[in-house]
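Inspection log for the structure reproduced underneath, given as structure tokens.
The values are calculated or read from the model by the stated rules, or taken from the named source; none is laboratory data. What you see is a predicted model, and the numbers here were worked out from it, not measured in a lab. When we count neighbours, we look across all protein chains shown, and the Cβ atoms used for this are built from the backbone with ideal geometry, even at glycine. Quick note on the areas: whole protein, heavy atoms, side chains included, nothing else; ligands and nucleic acids left out. Shrake-Rupley method; radii C 1.70, N 1.55, O 1.52, S 1.80 Å.
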Amino acid sequence: GERRQLAVRYHSAARDEVTQRVVDPLAVLVIDGHWYLDAYCHRAGGLRRFRVDRMLQVAPTGACFAEEGVAGGARGAGSGRAYVPSSDAVVARLVLDSAGSWVLDAVPVLSSEPRPDGRIQVDLAVSSPVWLGRLLLRLGPHATVVSPPELATAGATVARRILRLYEEHGN
């Protein structure tokens, strides 16, 4: 069926900024007592999850969209419910060697493709550089951050923080 597109003023808690977005609403759900809207975000160019209480203003754009077109392209084969990154997510591209391929089963991966050198390129939705840093620590030498450049040092940043805490608190 046809659905109405919305213009949303949204407060991103992670970045503490207000953005103007055009979204195609797909589903409303409650998680841990908070209402969320899963929608195709035209600004991000993909599915995103928005907290309803962070929407400062919502208005119809007057445009409609076909739900099947959006939802069909967003769901993986047989996955039933697609993983939807938060509206704060940044897409990080990593290259993993075979010892790092466990990531494909451990975290929600937006896409993955084998490379000619035998390694695997994966795109992850990263809502927190600290989360990515912890993942990179677990991966060690088995992963390289290709993009964005500002996340390339996330693993080293978390490692330094852990080391500093260890030194400050001793044994």
Helix 129-139 axis, angle to the chain major axis (alpha carbon atoms, nearest 10°): 50
Listed residues Pro116, Pro108, Pro60, most fluctuating in the chain (Gaussian network, C-alpha, under 10 Å): Pro116
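Given a 1.4 Å probe and every protein chain left where it sits, what share in percent of the accessible area of the chain is carbon and sulfur?
On the way: 5240 of 9900 Å².
So the carbon and sulfur contribution to the accessible surface is 53 percent.
Two-decimal Rg/Rh of region 92-144 from alpha-carbon positions, Kirkwood Rh? Working shown, then result.
Values: Rg = 10.2 Å, Rh = 11.0 Å.
Rg/Rh: 0.93.
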With at most 12 neighbouring Cβ atoms within 10 Å, loop trypsin sites (Lys or Arg not before Pro) (DSSP) excluded, longest segment of the chain: 82-171
Calculated Rg and Dmax of the chain using C-alpha coordinates, Å: 18.5, 63
Amide H contacts under 5 Å for Thr61, placed H, 5+ residues apart: Gln5, Leu6, Ala7
Residue-averaged 222 nm ellipticity for the chain, from DSSP H runs of 4+ at -39500 (n - 2.57), nearest 500: -6500 deg cm²/dmol
Angle between the chain longest axis and helix 154-169 axis [Cα atoms, degrees, rounded to 10]: 60
Mean Cα-pair separation over length for the chain, i.e. relative contact order, pairs under 8 Å, 6 or more apart, %: 17
